[in-house]
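The values are calculated or read from the model by the stated rules, or taken from the named source; none is laboratory data. Here the structure is a predicted model, which is why all the values come from computation and not from measurement. When we count neighbours, we look across all protein chains shown, and the Cβ atoms used for this are built from the backbone with ideal geometry, even at glycine.
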Amino acid sequence: MLEINEIFGPTIQGEGKKVGTPSVFIRFGKCNMQCAGFEVEYETPSGTKKCSCDSFYASDIAFRDFWSKYTNHKDLLKEVEKYLPNYKVDIVITGGEPLLYWDDLEFQKLLEYYILNDYNLTIETNGSLDIDFKYDWQKKILFSISVKLSNSKEPLKKRVNNKTLKAIINFTDQAYFKFVVDKEFLPLASKEIKDILSSLPACEVYIMPLGDTAKIIDKNSLDVIKFALENGYKYSDRLHIRVWDNKRGV
């Protein structure tokens, strides 16, 4: 079963390699991490107060009753069609953690449809789950890999899966890393990122400022830009947050 938190667009891709690109997002529910260290405060439908990332409504199964369920990928395709404009946009599969559905046949059929119909398809993932590649068409998926650092407060063994990261980089035609940091964390981030990259094939790296509001992004962005320049990484802003804060569906 495919559990969908939300579908929205057309909008712009707000971060990473394809920032500014017209896109429709399919946000899957569930995640294998909670990332309390990102300190976005929220309240569950039952009234429990927690901290997580800025997409807590998709990562926390406490919101599951509000998600849509699909047993057939064709029904999901029909729903996504309602959001497509009269020109071809990118399709972005995000979450939560969408690779939790990787072994689901209907999930693979969904991806295959978009690739074989010449859509540019991105999967946004933390890259921590074991996955296998079986089909040539999977090479055309753009993997946007946001490996979590220790500021997420998730354990290292859970955050970094070298087997999967190598598989994605070696098998697909294109993949890149996104690391989210704030200025206080930069000294530790430098070592952690270098440690992760040292055991992997060469891959494009983007550094992004932490924050779920434009005010917090502004606070972190200059230091993060300087950090990117000092280390030869690329900087990615987070335009969707800068423009809309953490408003959903845009």
Report summary line: How many residues of segment 176-211 are without any contact (Cβ under 8 Å) to a residue 40 or more places away in the chain and among the hydroxyl-bearing types (Ser, Thr, Tyr)? The answer is 2
**Report entry** Matching residues, segment 160-175, being under 15 Å from the mean Cα position of the chain (by Cα) and either among the acidic types (Asp, Glu) or surrounded by fewer than 20 Cβ atoms within 10 Å (Cβ to Cβ) (or both)
**Finding:** none
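Any idea which of GLY95, GLY127 is touching a Lys or Arg at 6+ places or on another chain (Cβ under 7 Å), touching a residue at least 24 places away in the same chain (Cβ under 8 Å) and surrounded by 14 or more Cβ atoms within 10 Å (Cβ to Cβ)? Walk me through how you get there before you give the answer.
Working: GLY127 fails: touching a Lys or Arg at 6+ places or on another chain (Cβ under 7 Å).
Just a single option satisfies the conditions, and that option is GLY95.
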Requested in this report: All but one of (1) touching a strand residue (DSSP E or B) at 6+ places or on another chain (Cβ under 8 Å); (2) within 21 Å of SER128 (Cβ to Cβ); (3) crowded, with 17+ Cβ neighbours inside 10 Å hold for MET33, so report the exception by its number.
Outcome: (1)
Report task. Please work out which residue is nearest to the chain's Cα centre (by Cα), limiting yourself to segment 41-66 and to residues that are surrounded by fewer than 20 Cβ atoms within 10 Å (Cβ to Cβ) and under 16 Å from MET1 (Cα atoms). Result -> ILE61
Report task. Given the conditions (1) part of a helix (DSSP H, G or I); (2) modelled with pLDDT under 95; (3) surrounded by fewer than 21 Cβ atoms within 10 Å (Cβ to Cβ); (4) of a type outside the set (D, E, K, R), report the number of the one that ALA228 does not fulfil. Result -> (2)
Query - Considering residues of segment 39-57 that are touching a Phe, Trp or Tyr at 6+ places or on another chain (Cβ under 9 Å) and under 28 Å from ASP130 (Cβ atoms) only, the residue modelled with the highest pLDDT - result: TYR57
Query raised in the report: Of the residues LEU165, LEU186, which is in contact with a strand residue (DSSP E or B) (Cβ under 8 Å, 6 or more places away or on another chain) and within 26 Å of ASP237 (Cα to Cα)?
Result: LEU165
